[in-house]
Amino acid sequence: MQARKTTILAELPAQLLTRPRPWLLASVIGASLMGVVAATAVAPGSDTAGVVVRPVVETLPTPRVAIESGSDLPFVHSERIQAGDTLQSLFRRLNIEDSEALTFLSASNEGKQAIRQLRAGRSVTAMVHVDGRLSSFNLPMGNGEQSLLVERDEKGSLQLRESEAAAQSTLVEMRSGVIRSSLYGATDAAGLPDSVATQMAEIFGTEIDFHTDLRKDDRFNVVYEMVYQDGNAVRAGRILAAEFINQGKRHAVVLYRGPSGKEQYYTDDGRSLRQGFLRSPLEFSRVSSSFGRRLHPISRNWRDHKGTDFAAPTGTPVKATSDGTVDFAATQRGYGNIVILKHRGNISTAYAHLHGFAKGMRKGKEISQGDIIGYVGSTGWSTGPHLHYEVRINGIALNPMTVALPMADSLNTKELAAFRRDTADLRNRFALLNYELASAN
């Protein structure tokens, strides 16, 4: 076989030369001419000064696009739910003009439940015909992955069923900002979701009083989770790491699962903030009356004011400033509706003049820091809606804004080494954010 193959290869040039090959001859001549033209065009030393360059402009006809006028294929519309949206407003933005579908969805129990669970930021999708008639409508239910699907069958009848929404994904995002006037103003300017701003105020509330300590040019860095669905941001998740520079002093925390198995926020030196006391049980209110001697607004005589008053609208949620148990939740003379919590170390806190109590408030119930225990009101001896907040140690009321309150135990040496190793990536992001913030300024 090898000898035969060698013979064929040896005879191949002769066969090519002896057999007529018109296509081969044309190819060779064409390639030669192209080589000559190319060589002439790029010959070195050629004088191109006499070459005239002239622009040529041609008007091209508009391509004809054929539109099938008789087609009734539906169009796909997608919108994000906005605060205050109703089913009617969603239908308008989605170009749905279908009173039958609106009535059908509003009248069903499943539809009513889905409408009550509308959440800003979620996405709704609809397939709509040219005349506004609904083909299908996918409405998310709450913050979960369930959705309510309304669709027309082949006979044109509307059908309603629950379905699995598109899978959600969680991404890590980072933001930084500088305080110019207020915390919310700075977080809005940085594009930080309100829920993340609230978390940040709660996390650093054990070390920073955002009512009195905030200063212009304070700055913050935040690393947090953001949940996406169909490429749209659905809601913000947890803060993973945060840094706040207040009056030149740095405060930084990282979310970490400690020896207890619970995720808590730890400082760089391994100190947990979870068991600390928040300085204020309200978010972003103002102090209307401080601790100490004052002229009583009702009796008009001088008395000791045993707490701090925070002015806020009626119904504002009141949060527990630390972990504890309910010791009292009822009406008590001038305090009106009051909740008293017992904490470790013979410490108790009182929340008075409440409009009402949170559901399930009863003696002995365990409360975690940040849990809502009631709502701002004006019950008892009060001239307007506000919260009267007291801190008592061994039964003696002390100034809530200045009293030294216990913090959680720190990580031991071995645990601290593991903490620093496992959180290095998150803590390194602060340097990147600070660099970007400095570059922007």
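Any read-out appearing in this document is the output of simple, stated calculations on the displayed coordinates, not a laboratory observation. Just so we're clear, the structure is a prediction, and the values are computed from it rather than from any experiment. Reconstructed Cβ throughout: ideal geometry from the backbone, glycine too, with neighbour counts over all protein chains shown.
Each of 405, 171 was scored by other Cβ atoms within 10 Å of its Cβ. Listed from fewest to most, they are 171, 405.
Applying 1/(1 + (r/R0)^6) with r as the Cβ-Cβ distance of residue 88 and residue 314 and R0 = 25 angstrom yields a FRET efficiency of 0.25. Under 16 Å of direct C-alpha separation, and excluding same-chain neighbours fewer than eight residues apart, residue 414 reaches these aspartates and glutamates: 268, 269, 422. Stokes-Einstein diffusion of region 75-164 at 20 °C, 1.002 mPa s viscosity, Kirkwood radius from Cα pairs, rounded to a whole number: 166 µm²/s. Using the alpha-carbon positions of region 286-398, Rg (one decimal) and Dmax (whole number) come out as 13.3, 39 Å. Inter-label distance, residue 426 to residue 189: 2.8 nm, where each label sits 7 Å from its Cα along the C-beta direction.
Under unit Cβ charges (Lys, Arg +1; Asp, Glu -1), what dipole magnitude, rounded to 20 debye, does region 75-164 have relative to its Cα centre?
Details: 11 positive and 13 negative charges, 65 e Å.
So the dipole magnitude of region 75-164 works out to roughly 320 debye.
Of 342/365; 319/365; 112/319; 249/342; 216/249, which sit over 21 Å apart, Cα to Cα? Mind showing how you got there, number by number?
Working: 342/365 10 Å; 319/365 15 Å; 112/319 31 Å; 249/342 32 Å; 216/249 14 Å.
From 342/365; 319/365; 112/319; 249/342; 216/249, over 21 Å: 112/319; 249/342.
Loop-only check: which trypsin sites (Lys or Arg not before Pro) in region 117-210 are DSSP coil with at most 11 other Cβ within 10 angstrom? Write down the numbers at each step before the final one.
Values: sites: 119, 122, 133, 152, 155, 161, 175, 180; in loops: 119, 122, 133, 155, 180.
Answer in residue order: 155, 180.
For residue 379, the residues whose modelled amide H falls within less than 5 Å of its own, excluding neighbours fewer than 5 places apart on the same chain, are 337, 354.
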